[in-house]
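Structure first, commentary second.
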Amino acid sequence: MVKENCGVVGIFSRDGSNVIPMVIDALRALQHRGQEAWGVAIPKKLPLKRLGLVSAASSELQKITDEYASNAAIGHVRYSTVGKSNLDNAQPLKIKDLCIAHNGTIANVAELANMVGGCTFTPQNASDTLVAAQRLVSLMSTNGRLGSALSILKNEMAGSYCFTFVSDDGAVYAARDPRGFRPMVLGSKDDDVTIVASESSALSAVGAKLVRDVQPGELLKFSKNGIESEMFSEEKKHAHCSFEFTYFAHPTSKMEGANIYVARKKIGQFLARKFPIPDADLVIPVPDSARPAALGYAQELGIPFDEGLLKDRYSKKGPLRSFIEPHQTDRVEINRWIIPITEIIQGKHVIVIDDSLVRGTSSRTIIKALRRAGARKISMLITYPPIKYPCYAGIDFPSQEELATGANHDGTEKDMIERVKNEIGADFLGYNDARNLASAVGIPLDSLCFTCTTGDYSTLGIKPTFKTRLEMKGE
């Protein structure tokens, strides 16, 4: 599987009620987007930040709710793509009278850092969010309004970003980048509370209703005057992250008009038409995000579906998502607790459906476990196309050295798939393709981002120099 997709939330109550309990519940509903750290921020106070899961702080949540009581707040769960996994890089951040939380990755952060007092950016001493926030506040000091500053910054800054802000004057803001790489939705509750969040699953968690997607290039402001909207960019070509639809987003969420569960089930149906395997005995998912696709595949071909692999949710890291863990040792530990059910697997030709194959860590571990459980033959199908290039738009596979496909793409696609198949130990390996995935989701191919499969970074406006993981994350 794959790693920064953070989660952000911003909530404003016009009747003055304390929104911190809702912020905390929303962050827990976005925990699948980031497991490394979380935080909340309110006006006129330094942000509160904690390492680990929101639930790990359960004993102090009431104290936090009381001490940070406010009718205006933002929150963040972190999954790092740039910067070390430490408390200094946790969010929200405060710069002067503005707190900021960010989901995405600023691809030209070193260049942007030169505009902020000539400071030197390295992964060891800063995060891309800090540099972007410093530049934004600098632009606001000369241009006044946040919208005006964003209209300038979007021309200076390459990458993906969904921002939430809370200002010391008590307003909450939200902005989505002009291409719409990362998702963001607007919701409301009881006509008095307005919410923005990375996904609609966070709205459901607090009893709010989904109003609409925040438009790419849109800035929203929530205050006692209600909701104000302005467009800081009118970019017509969008590039929604295709990886959200196969892995990152919560299955209950609705994104760009598509329910994620339904989209994943259709992806499985379309994958079955691409790879009909008639002699298979059983279809099983790699838990958990591949389950809808596996069900769709099985139903399309009339092959039995079963749960041949289960996560041990009682182990320390069993409930976590391996892809978004920052360290390889942790990813291995999580995958070690995906356990096969021998009585279901033994003697069978098993089709294993997984959402993606990035580093190959989980695939190798799972296939070895299935062999030990007595599988006669293992065919692995991947709902996402081959990932060949680093992502600079908010997903953590920043270096080619980490990818199962390798750094050399001179050979044919068939040769590459054969090599990966042998490395993970499968009898057959099949990847989805971009056109097939787009058709299943119901979004035009040219409105989705597939940079990690094509190596075409034109939608980001960059021509990257590929770096090592050490250079990207300082570890």
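Among the candidates Ser59, Ser13, the residue that is farther than 20 Å from Leu220 by Cα, assigned by TED's automatic domain parsing to the domain that holds Phe165 and either touching a Ser or Thr at 6+ places or on another chain (Cβ under 9 Å) or surrounded by fewer than 20 Cβ atoms within 10 Å (Cβ to Cβ) (or both) is uniquely Ser59.
For the range 355-403, name all the residues that are farther than 27 Å from Leu448 by Cβ and not in a loop (DSSP other than H, G, I, E, B). Break it down into steps so the answer makes sense when it comes.
Of the range 355-403, the ones farther than 27 Å from Leu448 by Cβ are 364-378.
Matches in the range 355-403: Arg364, Thr365, Ile366, Ile367, Lys368, Ala369, Leu370, Arg371, Arg372, Lys377, Ile378.
Inspect the range 298-318 for any residue being in the same structural domain as Val350 (by TED's automatic domain parsing), in a loop (DSSP other than H, G, I, E, B), aliphatic (A, V, I, L, M) and at pLDDT 95 or above and give the result as yes or no. Checked against the condition, which is being in the same structural domain as Val350 (by TED's automatic domain parsing), in a loop (DSSP other than H, G, I, E, B), aliphatic (A, V, I, L, M) and at pLDDT 95 or above, the range 298-318 yields at least one hit.
Check Phe222, Phe181 and return the single one that is in a strand (DSSP E or B), in contact with a Gly (Cβ under 9 Å, 6 or more places away or on another chain) and either of a type outside the set (A, V, I, L, M) or crowded, with 21+ Cβ neighbours inside 10 Å (or both).
Phe222
Scanning the range 257-279 for residues that are surrounded by fewer than 17 Cβ atoms within 10 Å (Cβ to Cβ) and either part of a helix (DSSP H, G or I) or touching a Ser or Thr at 6+ places or on another chain (Cβ under 7 Å) (or both) returns Val262, Arg273, Lys274. Could you please find all residues in the range 136-191 being farther than 17 Å from Ala202 by Cβ and among the charged types (D, E, K, R)? Answer for the range 136-191, where residues must be farther than 17 Å from Ala202 by Cβ and among the charged types (D, E, K, R): Arg145, Lys154, Glu156, Asp168, Asp169, Asp177, Arg179, Asp191. Taking the range 37-53 as the range and being assigned to a loop (DSSP other than H, G, I, E, B) and at pLDDT 95 or above as the test, the residues that pass are Ile42, Pro43, Lys44, Lys45, Leu46, Pro47. Checking each residue in the range 424-436 for being closer than 16 Å to Gly268 by Cβ and either in contact with a Pro (Cβ under 7 Å, 6 or more places away or on another chain) or part of a loop (DSSP other than H, G, I, E, B) (or both) picks out Tyr431, Asn432, Asp433.
Would you say Glu413 is of a type in the set (Asp, Glu), modelled with pLDDT under 95, surrounded by fewer than 20 Cβ atoms within 10 Å (Cβ to Cβ) and on the phi < 0 side of the Ramachandran plot? So that I can check it myself, show each step before the final result.
Details: of a type in the set (Asp, Glu): yes; modelled with pLDDT under 95: yes; surrounded by fewer than 20 Cβ atoms within 10 Å (Cβ to Cβ): yes; on the phi < 0 side of the Ramachandran plot: yes.
For Glu413, the condition - of a type in the set (Asp, Glu), modelled with pLDDT under 95, surrounded by fewer than 20 Cβ atoms within 10 Å (Cβ to Cβ) and on the phi < 0 side of the Ramachandran plot - is met.
Scanning for something within 17 Å of the chain's Cα centre (by Cα) and in a loop (DSSP other than H, G, I, E, B), does the range 54-77 turn up at least one residue? The answer is no, given that none of the residues of the range 54-77 is within 17 Å of the chain's Cα centre (by Cα) and in a loop (DSSP other than H, G, I, E, B).
Of the candidates Tyr173, Tyr161, the single residue that is modelled with pLDDT under 95, crowded, with 20+ Cβ neighbours inside 10 Å and under 21 Å from Gln91 (Cβ atoms) is Tyr161. Between Val172, Val206, Val214, Val193, the distinction of being in contact with a Cys (Cβ under 9 Å, 6 or more places away or on another chain) and among the β-branched types (Val, Ile, Thr) belongs to Val214 only.
Here is the figure for the range 131-163: residues that are among the basic types (Lys, Arg) and either in contact with a helix residue (DSSP H, G or I) (Cβ under 8 Å, 6 or more places away or on another chain) or in a strand (DSSP E or B) (or both) total 1. When Lys154, Lys254, Lys236 are checked against the criterion of being modelled with pLDDT under 95, under 20 Å from Cys6 (Cβ atoms) and surrounded by fewer than 24 Cβ atoms within 10 Å (Cβ to Cβ), Lys154 stands alone in meeting it. Tell me, please, whether a residue that is touching a His at 6+ places or on another chain (Cβ under 9 Å), surrounded by 17 or more Cβ atoms within 10 Å (Cβ to Cβ), at pLDDT 95 or above and acidic (Asp, Glu) can be found in the range 186-199. Within the range 186-199, one or more residues are touching a His at 6+ places or on another chain (Cβ under 9 Å), surrounded by 17 or more Cβ atoms within 10 Å (Cβ to Cβ), at pLDDT 95 or above and acidic (Asp, Glu). Residues in the range 425-461 that are among the small types (Gly, Ala, Ser), at pLDDT 95 or above, out of contact with any His (no Cβ under 8 Å at 6 or more places or on another chain) and more than 19 Å from Gly406 (Cβ to Cβ): 5 in all.
Results for (1) assigned by TED's automatic domain parsing to the domain that holds Thr164; (2) within 28 Å of Pro21 (Cα to Cα), shown as yes or no for each residue.
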residue	(1), (2)
Ala205	yes, yes
Lys209	yes, yes
Phe222	yes, yes
Ser233	yes, no
Phe245	no, no
Ala249	no, yes
Lys254	no, yes
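Put simply, of Asn86, Asn18 the only residue that is crowded, with 16+ Cβ neighbours inside 10 Å and either of a type in the set (S, T, N, Q) or out of contact with any Ser or Thr (no Cβ under 6 Å at 6 or more places or on another chain) (or both) is Asn18.
The values are calculated or read from the model by the stated rules, or taken from the named source; none is laboratory data. Given the structure is predicted, the values throughout are model-derived calculations rather than measurements. We place every Cβ from the backbone using ideal geometry, glycine too, and count neighbours over all the protein chains shown.
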